[in-house]
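Undergrad: Mind having a look at this structure? Questions to follow.
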Amino acid sequence: MTLFESAVRPVLFRVGGGDAEKAHEFTLGRLASLPSPVRAAMRARYATNRPVEAFGVRFPNPVGLAAGMDKNGVALPAWPALGFGFVEVGTVTAQAQPGNDRPRLFRLRDSEAIINRMGFNNAGAAALADRLKALGPIGVPLGVSLGKSKVTPLADAVEDYLTSYRLLHPYADYIAVNVSSPNTPGLRTLQDKDSIADLLGALRGETPVLVKIAPDLSEPAIAELLEVCLSHGAAGVIATNTTLARDGLAAADQPRATEAGGLSGAPLTEKARKVVHFVHTETDGRLPIIGVGGVMCADDAARLFDAGATLVQLYSGFIYKGPSLVRAAARAR
Ligand SMILES: Cc1cc2nc3c(=O)[nH]c(=O)nc-3n(C[C@H](O)[C@H](O)[C@H](O)COP(=O)(O)O)c2cc1C
């Protein structure tokens, strides 16, 4: 057991009387206010130099922070200090929005899993653009994840994404098109062939655009989507988002299994790896893949790289295992 697991995690998991979202806000606040000498010392301890290049971008190491952890980019300088080789902020939407009612974030501790139905709570694309402009480069590549505003009808989705894209692409090393969150009604239908073709057509420009996909798509549906990605200039695929399935949960977590939302963490490991492997073989390695889902240890990361991922991202693993996982995963490549 690491020091994080034995001493830090128990404290964080008790913040706010065990309310997971309060613990998240508390931790983000702490990370946002780290003095720069502390960040420099952390960086010296945690930074891993394992350079890798993908879609024309050079990464100091292949392990990134997954979307959703720092939606509004409030703690941006802290992530490279914790050893991350890139950071994906967002998902943001063209309109600021509050997200779903609380509670909407649940830890399933025995399963090392999380269920969330946040619903793209975020301060909006313009606020993020202002923050990124003021902050300047953070020393590692920055991805910006875009989603559809809840109030915007699906028929107008392209224009909504385009609004965010115009505001944010100047600050992004890549744009992630999130069409796979289960928490915005209808969003996942944008993974259909025609919808994704329209979206990729509209967002074509100099900034690499990656498509983030759900782990619950059938293989034929993924194959169709990949064809469009290849023909419409997508720079890569991010696989995967959270799942609607509830397999692999420990008995103690069964009462939580009925919470609506997307499941992440250890129960997603195999599923995400299979999708990464399918994408890699189906495209003959022509589309770079960011593998994400259930990376809880170095071996999980190694298996995602073996399955065809060029880069990986962490969310739930970082919550349960702490910063030492970032370095361990980076060295697994
Ligand atoms: C609380 C929470 C919020 C998330 N928000 C987003 C989001 O805004 N955009 C997105 O693309 N993915 C989001 N995700 C999904 C993660 O980026 C990741 O794809 C998923 O959790 C699987 O990785 P993991 O098993 O390492 O957590 C969120 C995940 C969690 C747990």
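The values are calculated or read from the model by the stated rules, or taken from the named source; none is laboratory data. Computed from a prediction, not measured in an experiment: that's the story for all the values here. Heads up, the Cβs are rebuilt from the backbone with ideal geometry, glycines too, and the neighbour counts pull from every protein chain shown. With ligands, DNA and RNA removed, areas are computed over all heavy atoms of the protein, side chains included. Shrake-Rupley method; radii C 1.70, N 1.55, O 1.52, S 1.80 Å.
Undergrad: Might you let me know whether segment 103-110 holds any residue that is out of contact with any helix residue (DSSP H, G or I) (no Cβ under 6 Å at 6 or more places or on another chain), among the aliphatic types (A, V, I, L, M) and either open to solvent by less than 30 Å² (accessible area, probe 1.4 Å) or within 16 Å of the ligand (Cβ to nearest atom) (or both)?
TA: No, because not a single residue in segment 103-110 is out of contact with any helix residue (DSSP H, G or I) (no Cβ under 6 Å at 6 or more places or on another chain), among the aliphatic types (A, V, I, L, M) and either open to solvent by less than 30 Å² (accessible area, probe 1.4 Å) or within 16 Å of the ligand (Cβ to nearest atom) (or both).
Undergrad: One residue is enough: does segment 123-141 have a residue meeting the conditions within 11 Å of the ligand (Cβ to nearest atom) and in contact (Cβ under 8 Å) with a residue 12 or more places away in the chain? Step through it out loud before you land on a result.
TA: Taking segment 123-141 first, the residues within 11 Å of the ligand (Cβ to nearest atom) are none.
For segment 123-141, residues within 11 Å of the ligand (Cβ to nearest atom) and in contact (Cβ under 8 Å) with a residue 12 or more places away in the chain: absent.
Undergrad: Hey, another quick one. Every residue in segment 16-28 that is part of a helix (DSSP H, G or I) and charged (D, E, K, R), please. Steps first, answer last, please.
TA: Of all residues in segment 16-28, those part of a helix (DSSP H, G or I) come to 16-18, 20-28.
21, 22, 25 - these are the residues of segment 16-28 that are part of a helix (DSSP H, G or I) and charged (D, E, K, R).
Undergrad: So which residues in segment 229-247 are assigned to a loop (DSSP other than H, G, I, E, B) and within 12 Å of the ligand (Cβ to nearest atom), if there are any at all?
TA: 240, 241, 242
Undergrad: Another question about this same structure. Inside segment 163-217, can you point out the residues that are touching a Lys or Arg at 6+ places or on another chain (Cβ under 8 Å) and open to solvent by less than 20 Å² (accessible area, probe 1.4 Å)?
TA: 176, 177, 178, 179, 180, 181, 184, 187, 190, 214, 215
Undergrad: To continue, here is another question. Can you tell me which residues in segment 58-114 are within 20 Å of residue 175 (Cα to Cα) and aromatic (Phe, Trp, Tyr)?
TA: 59, 79, 84, 86 - these are the residues of segment 58-114 that are within 20 Å of residue 175 (Cα to Cα) and aromatic (Phe, Trp, Tyr).
Undergrad: Considering segment 35-59 alone, what residues qualify as being open to solvent by 20 Å² or more (accessible area, probe 1.4 Å), in a loop (DSSP other than H, G, I, E, B) and not basic (Lys, Arg)? Lay out the reasoning, then the answer.
TA: Of all residues in segment 35-59, those open to solvent by 20 Å² or more (accessible area, probe 1.4 Å) come to 35-47, 49-51, 53, 55-56, 58.
Those still in the list that are in a loop (DSSP other than H, G, I, E, B) too: 35, 47, 49-51, 55-56.
35, 47, 49, 51, 55, 56 - these are the residues of segment 35-59 that are open to solvent by 20 Å² or more (accessible area, probe 1.4 Å), in a loop (DSSP other than H, G, I, E, B) and not basic (Lys, Arg).
Undergrad: For residues that are more than 21 Å from residue 44 (Cβ to Cβ), among the small types (Gly, Ala, Ser) and touching a strand residue (DSSP E or B) at 6+ places or on another chain (Cβ under 8 Å), tally how many sit in segment 54-92.
TA: 6
Here's the yes/no breakdown for (1) over 30 Å from residue 247 (Cα atoms); (2) assigned to a helix (DSSP H, G or I); (3) at pLDDT below 95:
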| position | (1), (2), (3) |
| --- | --- |
| 30 | yes, yes, no |
| 61 | yes, no, no |
| 70 | no, no, no |
| 79 | yes, yes, no |
| 84 | no, no, no |
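Undergrad: Which ones in segment 61-101 are under 18 Å from residue 151 (Cα atoms), open to solvent by 10 Å² or more (accessible area, probe 1.4 Å) and not charged (D, E, K, R)?
TA: 94, 95, 96, 97, 98, 99, 100
Undergrad: Now a separate question. Within segment 122-155, track down each residue that is in a loop (DSSP other than H, G, I, E, B) and surrounded by fewer than 16 Cβ atoms within 10 Å (Cβ to Cβ). Before you say what the answer is, go through the steps one by one.
TA: Of all residues in segment 122-155, those in a loop (DSSP other than H, G, I, E, B) come to 123-124, 136-141, 147-153.
Passing the criteria: 136, 137, 139, 151, 153.
Undergrad: Name the residues in segment 303-333 that are more than 12 Å from the ligand (Cβ to nearest atom), open to solvent by 20 Å² or more (accessible area, probe 1.4 Å) and part of a helix (DSSP H, G or I), would you?
TA: 303, 305, 306, 324, 327, 328
Undergrad: Hey, another quick one. Condition first: touching a strand residue (DSSP E or B) at 6+ places or on another chain (Cβ under 9 Å) and either away from the ligand (no atom under 14 Å from the Cβ) or among the β-branched types (Val, Ile, Thr) (or both). Now tell me which residues in segment 255-269 satisfy that.
TA: Residue satisfying the conditions is 257 alone.
Undergrad: Evaluate the following for residue 285: is it more than 14 Å from the ligand (Cβ to nearest atom) and either part of a loop (DSSP other than H, G, I, E, B) or open to solvent by less than 10 Å² (accessible area, probe 1.4 Å) (or both)?
TA: Working: more than 14 Å from the ligand (Cβ to nearest atom): yes; either part of a loop (DSSP other than H, G, I, E, B) or open to solvent by less than 10 Å² (accessible area, probe 1.4 Å) (or both): yes.
Taking the combined requirement at face value, the residue satisfies it.
Undergrad: To continue, here is another question. Can you name the residue in segment 291-302 that is in a loop (DSSP other than H, G, I, E, B) and not small (Gly, Ala, Ser) and is also farthest from the ligand (Cβ to nearest atom) among such residues? Talk me through it step by step, then tell me what you get.
TA: At the first step, the residues of segment 291-302 found to be in a loop (DSSP other than H, G, I, E, B) are 293-297.
From what is left, the residues that are not small (Gly, Ala, Ser) are 295-297.
Values: 295: 6, 296: 8, 297: 12 Å.
If we take residues in segment 291-302 being in a loop (DSSP other than H, G, I, E, B) and not small (Gly, Ala, Ser), then 297 is farthest from the ligand (Cβ to nearest atom).
Undergrad: Between residues in segment 300-325 that are free of Cβ contacts under 8 Å to residues at least 40 places away in the same chain and residues that are polar (S, T, N, Q), which pairs lie under 7 Å by C-beta distance while being six or more apart or on different chains?
TA: 300/269
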